[in-house]
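Participant: Pasting a structure below so you can have a look.
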Amino acid sequence: MSTDAATSPPTPGAQPERTALAWQRTALAAATGAAVVGRLALADLGPVAVVVMTASLVMALAAFVLGRRRYLAPHEEPSRRRDGRAPALLALAVLAIGVTELVALLSR
C-alpha cells in the first residue's frame with residue numbers, strides 16, 4: 001500500500017532549521033545595513049536618519065522573530081501559515097534603508 005504524498009505529513013529533517021537560519025542571516029544583514037547607513041547618514045539628515053534606521057532595525061528584528069517562529073514550530077501549529085509578514089517587513093526595512101541613503105547622498 002502506497003501513501004499519498006499530499007496527505008502524509010512531511011518527515012522531520014534539517015530543512016526547517018536551515019530555512020530558519022537563512023531568515024536569521026537575512027534579518028541580521030538588514031539590521032547591520034540599517035546601523036551602518038544610519039551612522040553614515042546621521043551627519044546629513046540628523047534625527048530623521050535616527051528615526052528611519054530605528055524603524056528599520058525594529059522591522060528587521062520582527063522579521064527575525066517571525067522567521068524563526070515559523071520554521072521552528074511543529075508542522076501542524078497555526079503559526080506555520082504563510083502570511084508574508086516577514087518578507088514584507090524585510091522589504092520595507094531595505095526600502096527605508098535605501099531611500100534614506102539616497103536622500104543623504106542627494107543632500108550633499
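The values are calculated or read from the model by the stated rules, or taken from the named source; none is laboratory data. Remember, it's a predicted structure, so these values are computed and weren't measured experimentally. Counting neighbours? That spans all protein chains shown, and the Cβs are built from the backbone with ideal geometry, glycine included.
Participant: For residues that are within 26 Å of Leu66 (Cβ to Cβ) and in contact (Cβ under 8 Å) with a residue 24 or more places away in the chain, tally how many sit in region 23-47.
Facilitator: Matching residues across region 23-47 total 11.
Condition check ((1) aromatic (Phe, Trp, Tyr); (2) modelled with pLDDT under 80; (3) outside any helix (DSSP H, G or I)) across all residues:
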residue	(1), (2), (3)
Asp4	no, yes, yes
Glu17	no, yes, no
Ala41	no, no, no
Val58	no, no, no
His75	no, yes, yes
Ser79	no, yes, no
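Participant: Out of all the residues in region 40-60, which are surrounded by fewer than 17 Cβ atoms within 10 Å (Cβ to Cβ) and either within 8 Å of the chain's Cα centre (by Cα) or within 15 Å of Leu90 (Cβ to Cβ) (or both)?
Facilitator: Listed by number, the residues that qualify are Ala55, Val58.
Participant: If we keep just the residues of region 19-39 that are surrounded by fewer than 18 Cβ atoms within 10 Å (Cβ to Cβ) and either of a type in the set (Ser, Thr, Tyr) or assigned to a loop (DSSP other than H, G, I, E, B) (or both), which is modelled with the lowest pLDDT?
Facilitator: Checking each candidate, the answer is Thr19.
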